[in-house]
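Participant: Structure incoming, see below.
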Amino acid sequence: MKKDSILIVDPENSHRDHLAKVLRAQGFKVFSAADADSALNLFSNLEPALIILDETVNGLTPTDLIQAIEARNLDSFIIVMSRQADLDHSMNWIMAGALACLSKPVQFEKLKPVIEMGLENKEAFREILQLTHDLKSANLELKKNQELLVKERGALNEKTKQIRFLYELSTDLSATLKTQAILDLVTRALAWLVKPDLTIIISAFVPQDQATFYTSRRLSPALTSRLADELMPQMERDLSSEDIIHHLAQPIKPARPLSRRPPHQIVLPLVVAGEKNGLLALYFLKKPKPDHDRRLLLESVVMQAAQALHNAHQHEAALHLATRDPLTGLFNRRAFEENLHQEYKRVRRHQRPMSLLMIDLDHFKSVNDRYGHQTGDEVLKTVAHIIANCARETDIPARFGGEEFAVILPDTPQDQALLLAERIQKKISQTAILVREVPLRLTISQGLAASDVSHVRQADDLVRLADRALYQAKEDGRNTIRTVEDLMIKTPLKGAVHA
């Protein structure tokens with residue numbers, strides 16, 4: 001969030017001081033006043049990016065402040081605080097030129113996204129203000145010319161819908177950091193605004209060598225490839241249709257996939273901080289003819305969509321780093337435990353099977369001792385890659401620690417889990433890692449536990465049992481797989497099991 005100066009004008013001392021304290025903690029430079037005279041004295045010497053004003057301040061209404069900002073040609077915007085912040089009351093202030101109207105006492109969780117929206121999307125806000133000025137002009141014309149009353153009233157209602165549309169979209173986008181929710185909001189907004197027969201959003205906020213291809217309708221494989229080949233060159237990146245991941249942008253009813261390209265299109269870039277990070281493509285069966293206002297609204301939607309997708313990607317990237325092992329890219333120990341307990345709760349709730357596979361590299365210490373830790377890291381990355389490739393999309397592979405890995409297998413009984421373990425065992429035994437031009441072959445030992453074993457009463461029991469089975473595999477000569485049943489044959493389990 002950009003750290004700008006903020007002026008708070010509020011006659012309630014406790015509320016004003018609390019709000020100032022919270023904003024200063026966020027890094028803003030905050031000035032405050034309790035009455036009109038103090039506020040105007042501060043305002044004459046400041047150029048605040050944001051003014052938060054209680055509408056009950058004597059001698060200084062939000063309208064006065066908006067006019068003063070316009071007279072001084074300042075790049076400031078206003079947030080009004082009101083005890084009566086219902087939708088109609090809020091829309092009256094927004095139509096008058098305020099950015100938002102918030103209910104008092106103001107909660108910072110609601111104030112923060114409004115401030116971010118104002119500071120990061122000033123251009124969109126200026127467009128909203130321009131639409132507001134148009135509304136005022138239209139209203140004056142209505143008063144001057146009664147003969148045009150019906151026509152102008154219709155235009156006024158349309159502009160009111162447009163302002164409400166922008167306000168609600170901006171509010172909804174600022175309230176989520178989930179990519180799918182953002183795409184759903186944007187596609188629904190575009191359906192109302194210009195009614196496209198097909199919407200495609202290419203998001204390249206993901207890693208540089210990949211893009212995500214979202215569509216509002218199911219497409220035939222041939223049409224997907226054709227449209228991707230048409231659009232990808234406009235991305236100004238070295239990407240092709242082979243580099244995309246295709247998703248539906250929103251849930252739809254089952255329908256025959258679209259196989260023919262609609263003949264007319266509008267393509268706009270998704271730009272954040274001067275960098276093109278995607279495309280919005282709208283396709284129409286009939287040639288679209290958006291008027292000037294709708295074109296401005298379309299550009300505003302694209303700008304807000306780009307910023308929202310950027311923010312969502314930044315958030316998802318941060319979560320990814322927090323849950324991934326930096327060396328192998330698999331889930332880390334903390335994420336493994338969270339997923340294990342979550343999946344086990346689902347097992348107990350729905351009475352579904354679940355298995356856990358523990359994997360350990362045989363003689364890994366000798367690899368480090370003989371070839372060095374750099375080679376050891378390459379070995380770990382290779383093994384992690386094999387495990388991830390062998391696992392199904394619903395499986396959860398993780399690095400448990402050191403040279404030990406784990407795979408959570410939801411909805412998987414032991415016999416199916418054993419097939420995966422055998423596939424991993426075979427693949428690793430067939431893989432050679434070149435070390436100083438000499439092929440290095442590895443083996444693994446594995447332990448397998450299933451949730452239907454009588455000794456499993458909680459998620460941690462799966463880990464203890466699978467670890468015991470892994471230890472038994474080591475005892476039995478390594479390069480093998482052992483299950484809980486193998487443990488029971490050798491030594492019957494009594495009571496709780498401990499690794």
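Participant: Within the stretch 352-364, is there a residue that is assigned to a strand (DSSP E or B), of a type outside the set (V, I, T), open to solvent by 10 Å² or more (accessible area, probe 1.4 Å) and modelled with pLDDT of 90 or more?
Facilitator: For the stretch 352-364, residues assigned to a strand (DSSP E or B), of a type outside the set (V, I, T), open to solvent by 10 Å² or more (accessible area, probe 1.4 Å) and modelled with pLDDT of 90 or more: present.
Participant: Something else: Of the residues R261, R324, R333, which is among the charged types (D, E, K, R), at pLDDT below 90 and out of contact with any Lys or Arg (no Cβ under 6 Å at 6 or more places or on another chain)?
Facilitator: R324
Participant: Only one residue in S44, S76 is more than 29 Å from the chain's Cα centre (by Cα), surrounded by 18 or more Cβ atoms within 10 Å (Cβ to Cβ) and small (G, A, S), so which one is that?
Facilitator: The match here is S76.
Let's see how each residue does on (1) at pLDDT below 80; (2) assigned to a strand (DSSP E or B); (3) among the hydroxyl-bearing types (S, T, Y):
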{"residue": "L183", "(1), (2), (3)": "no, no, no"}
{"residue": "Q208", "(1), (2), (3)": "yes, no, no"}
{"residue": "H247", "(1), (2), (3)": "yes, yes, no"}
{"residue": "I266", "(1), (2), (3)": "no, yes, no"}
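Participant: Could you check R334 against (1) charged (D, E, K, R); (2) part of a helix (DSSP H, G or I); (3) over 23 Å from the mean Cα position of the chain (by Cα) and say which number it fails?
Facilitator: (3)
Participant: Scan the stretch 1-40 for residues that are β-branched (V, I, T) and either within 34 Å of the chain's Cα centre (by Cα) or open to solvent by 10 Å² or more (accessible area, probe 1.4 Å) (or both) and jot them down.
Facilitator: Matches in the stretch 1-40: I6, I8, V22, V30.
Participant: Could you list all residues from the stretch 294-327 that are outside any helix (DSSP H, G or I) and open to solvent by 30 Å² or more (accessible area, probe 1.4 Å)?
Facilitator: R324, P326, L327
Participant: Return yes or no: is A20 free of Cβ contacts under 8 Å to residues at least 60 places away in the same chain, closer than 23 Å to P113 by Cα and part of a loop (DSSP other than H, G, I, E, B)?
Facilitator: Considered against the rule, which asks whether it is free of Cβ contacts under 8 Å to residues at least 60 places away in the same chain, closer than 23 Å to P113 by Cα and part of a loop (DSSP other than H, G, I, E, B), A20 comes out as no.
Participant: Answer yes or no as to whether A36 is among the aliphatic types (A, V, I, L, M), in contact with a Gly (Cβ under 9 Å, 6 or more places away or on another chain) and in contact (Cβ under 8 Å) with a residue 60 or more places away in the chain.
Facilitator: Criteria not met by A36.
Participant: Here's another thing I want to ask about it. Taking the stretch 41-64 only, how many residues are in a helix (DSSP H, G or I), under 12 Å from V9 (Cα atoms) and in contact with a helix residue (DSSP H, G or I) (Cβ under 8 Å, 6 or more places away or on another chain)?
Facilitator: Count: 2.
Participant: Considering (1) within 30 Å of A20 (Cα to Cα); (2) surrounded by fewer than 16 Cβ atoms within 10 Å (Cβ to Cβ); (3) at pLDDT below 85, say which one A124 fails and leave the rest.
Facilitator: The one condition A124 does not meet is (2).
The values are calculated or read from the model by the stated rules, or taken from the named source; none is laboratory data. Just so it is clear, the model here is predicted, and its values are computed rather than measured. For neighbour counting, all protein chains shown are included, and Cβ atoms are generated from backbone atoms with ideal geometry for every residue, glycine included. Ligands, DNA and RNA are stripped out before the accessible areas are found, and what is left, the full protein with its side chains, is counted by its heavy atoms. Shrake-Rupley method; radii C 1.70, N 1.55, O 1.52, S 1.80 Å.
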